[in-house]
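The values are calculated or read from the model by the stated rules, or taken from the named source; none is laboratory data. Worth saying up front: this structure is predicted, and the values here are computed from it rather than measured. Note that each Cβ is placed from the backbone with ideal geometry, even for glycine, and that neighbours are counted across all protein chains shown.
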There are 2 protein chains.
Amino acid sequence: MSPLHNDRFLRALLRQPVDRTPVWMMRQAGRYLPEYRATRAAAGSFMDLCKNPQLACEVTLQPLRRYRLDAAILFSDILTVPDAMGLGLSFAEGEGPQFAKPVRSSADVAALGVPDPEVELRYVMDAVRTIRRELQGDVPLIGFAGSPWTLATYMVEGGSSKEFAKVKGMLFEQPKLLHQLLEVTANAVTAYLNAQIAAGAQAVMIFDTWGGALTPRDYQAFSLHYMSQIVANLNREAEGRQVPVILFTKGGGGWLELMADSGADALGVDWTLDLSEARQRVGRRVALQGNMDPCVLYAPPEPIREEVATILASYGHGSGHVFNLGHGIHQHIDPAHVEAFIEAVHELSPAYH
Amino acid sequence: MSPLHNDRFLRALLRQPVDRTPVWMMRQAGRYLPEYRATRAAAGSFMDLCKNPQLACEVTLQPLRRYRLDAAILFSDILTVPDAMGLGLSFAEGEGPQFAKPVRSSADVAALGVPDPEVELRYVMDAVRTIRRELQGDVPLIGFAGSPWTLATYMVEGGSSKEFAKVKGMLFEQPKLLHQLLEVTANAVTAYLNAQIAAGAQAVMIFDTWGGALTPRDYQAFSLHYMSQIVANLNREAEGRQVPVILFTKGGGGWLELMADSGADALGVDWTLDLSEARQRVGRRVALQGNMDPCVLYAPPEPIREEVATILASYGHGSGHVFNLGHGIHQHIDPAHVEAFIEAVHELSPAYH
């Protein structure tokens, strides 16, 4: 593997000194970029794009050609894991994800096994290897997976949901069955992330998109517990370096202290709390990643720059902050506004280091 | 007006002693009830039902005939106000609300006026008067309105939104224009709630469904500021009694202390924080209303009862708690499960008073 030229991102996640705040964006390889839309159109379906390592590598690298980003993130989807568990994933155009075989009964859960990442998810591992080769050590590559709870919401509902009626029905009515489902999913995610690390991922992030839909008690029992289990079983070193783990529960601002005890190196934070408060609450236990409202990017460059300044000031001096949005970038954002955002972090953050 | 036989709800909102914890449900007059669906089908469209005071009264009273609830809530919709401001509201079947004339430009904002509630919203005031008459003092009637920020999201987007691209675009790009829109909307809401109180509403609730989508700073400037302004301008006494005001920001658990300073008597709380923590944070300043996850009602009676017990224990001893869900009841809930919920509050709560 090529030596890493820019390790600012990895160092900030471990709260080691950096010269400026590193920056990347969730969903940075995405529909707001015309070159992404062109590659996606040529590939066929969204899953065709995910399953083609060369094209997945191409879209992963596209934002890095435009912007001075400090990390690349594997182009993939959190639902590759339940797909590999045999649930039959498809994306109907404009409809969101759908599973042909949702998980509803104890027989459905019992039928689930842990996929071999180098077999059923080989296309992801090939993408990781291809991207690492093509990156030539420019910036680190982030691997990722969905949290067991978040994956379970899709697996039980059969797709996206606003109310989580079926999965929460299972939670309250058959908590043991849901725990069984979460256990096997956690094992699948652990194997999947370890395989990504073995293939070349230099940091990993666990996306708990729907943990914030739970009560504090259920969050701990049905989401955080399994994420902590995964974190405890990851290979945290590769190529002679530490592999930092980032944990992101959207809407989990109330539970930062609990998350800081998960064993993760860093926590993702959405825009509903100030980084100053977040930092004060987690102390020196973890780094923080976030937290600009993605909607700020609808604004012209000047307000974007002001918001960047506000967030940098809110975190304050010293390492331990990775600048990011508080959620994925929206598809109708002007790429020039992204440029203004990234450049503002470059320009304004050295004063804090 | 008939004298009030059961004032438990009003007393709890003012933290006065009660014999047991009062209980009602957001959206208790709704689609989970077969008798609601029958009335709704006979009425025509959803707005036809809202605009017919006799039918609005009928569906308001339906849940009270089934369950031992401690309050009735006016059957209406938060979007009646922007409709009366001339935006042309319709509900396409299965599509959610739509405005024919969304607010986008400064000319659009300048064209908005404050409706006269007894003229443009006469049908709501007639519904309030009809319901009060038919209630015969059994339980108090709650009036309500949407918060200016929440109404503005619909007014600017033209309907429901997941990303709030247009209204947040306006927030970051033309904050003064958005403030102008919020100001006139706040004036409209103030007049509307005062008219409801004059017509017979015995408590009022402000629904800030989308305040939780903002940053802490923007929440204060664009949502809480206008709610506090409304609260300050309400007529807080009618028929010789205090008219309590409840403020509910969904996803606003991080900002309870700020909300407690709004002048409201009580705060609605969703299920993402424990009532024990909420109570500790707001102290004796306000009462609390909530906070069972509506999904608990998918479970059978026994887990429902356990959850009620947990929430009662979490709030603890003494007045100042109104039992409710943390959001509106879902449409596919079994009415027998609601019965189990309400009865559990009746049975288990006296021990705390």
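Quick look at the numbers
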{"read-out": "Selected residue (only one of B:M259, B:M292 is hydrophobic (A, V, I, L, M, F, W, C) and within 17 Å of A:P216 (Cα to Cα))", "value": "B:M292"}
{"read-out": "Complete set of residues in segment A:185-199 that are within 23 Å of A:K166 (Cα to Cα) and crowded, with 20+ Cβ neighbours inside 10 Å", "value": "A:T185, A:A186, A:A188, A:V189"}
{"read-out": "Only one of B:I311, B:I329 that is closer than 18 Å to A:Y219 by Cα, hydrophobic (A, V, I, L, M, F, W, C) and either within 12 Å of another protein chain (Cβ to nearest Cβ) or out of contact with any Cys (no Cβ under 6 Å at 6 or more places or on another chain) (or both)", "value": "B:I311"}
{"read-out": "Residue within segment A:297-307 that is in a helix (DSSP H, G or I), under 15 Å from B:R217 (Cβ atoms) and away from chain B (no Cβ under 14 Å) present", "value": "no"}
{"read-out": "Any hit, segment B:65-77, residues being surrounded by fewer than 20 Cβ atoms within 10 Å (Cβ to Cβ) and within 20 Å of B:Y192 (Cα to Cα)", "value": "yes"}
{"read-out": "Identity of the residue in segment B:263-296, without any contact (Cβ under 8 Å) to a residue 24 or more places away in the chain and more than 11 Å from chain A (Cβ to nearest Cβ), that ends up nearest to A:A213 (Cα to Cα)", "value": "B:L267"}
{"read-out": "Candidate set: segment A:214-262, residues that are aromatic (F, W, Y) and either surrounded by fewer than 16 Cβ atoms within 10 Å (Cβ to Cβ) or more than 14 Å from every other protein chain (Cβ to nearest Cβ) (or both); chosen: the one farthest from A:G137 (Cα to Cα)", "value": "A:Y226"}
{"read-out": "Segment B:121-147: number of residues that are out of contact with any strand residue (DSSP E or B) (no Cβ under 9 Å at 6 or more places or on another chain), closer than 25 Å to B:N187 by Cα and not charged (D, E, K, R)", "value": "4"}
{"read-out": "Failed criterion for B:S90 (all others in (1) in contact with a Pro (Cβ under 9 Å, 6 or more places away or on another chain); (2) modelled with pLDDT under 95; (3) farther than 22 Å from B:D126 by Cα; (4) of a type in the set (G, A, S) hold)", "value": "(3)"}
{"read-out": "Within segment A:1-51, considering residues that are in a helix (DSSP H, G or I) and in contact (Cβ under 8 Å) with a residue 60 or more places away in the chain, the one farthest from A:A340 (Cα to Cα)", "value": "A:C50"}
{"read-out": "Count of segment B:116-152 residues which are hydroxyl-bearing (S, T, Y) and touching an Asp or Glu at 6+ places or on another chain (Cβ under 8 Å)", "value": "2"}
{"read-out": "The one condition in (1) within 14 Å of chain B (Cβ to nearest Cβ); (2) within 20 Å of the chain's Cα centre (by Cα) that A:I206 fails to fulfil", "value": "(1)"}
{"read-out": "Options B:F91, B:F99: the member that is in contact (Cβ under 8 Å) with a residue 24 or more places away in the chain, under 23 Å from B:L178 (Cα atoms) and among the aromatic types (F, W, Y)", "value": "B:F99"}
{"read-out": "Residue in segment A:137-152 that is surrounded by fewer than 21 Cβ atoms within 10 Å (Cβ to Cβ) and either in contact with a Pro (Cβ under 9 Å, 6 or more places away or on another chain) or modelled with pLDDT under 95 (or both) present", "value": "yes"}
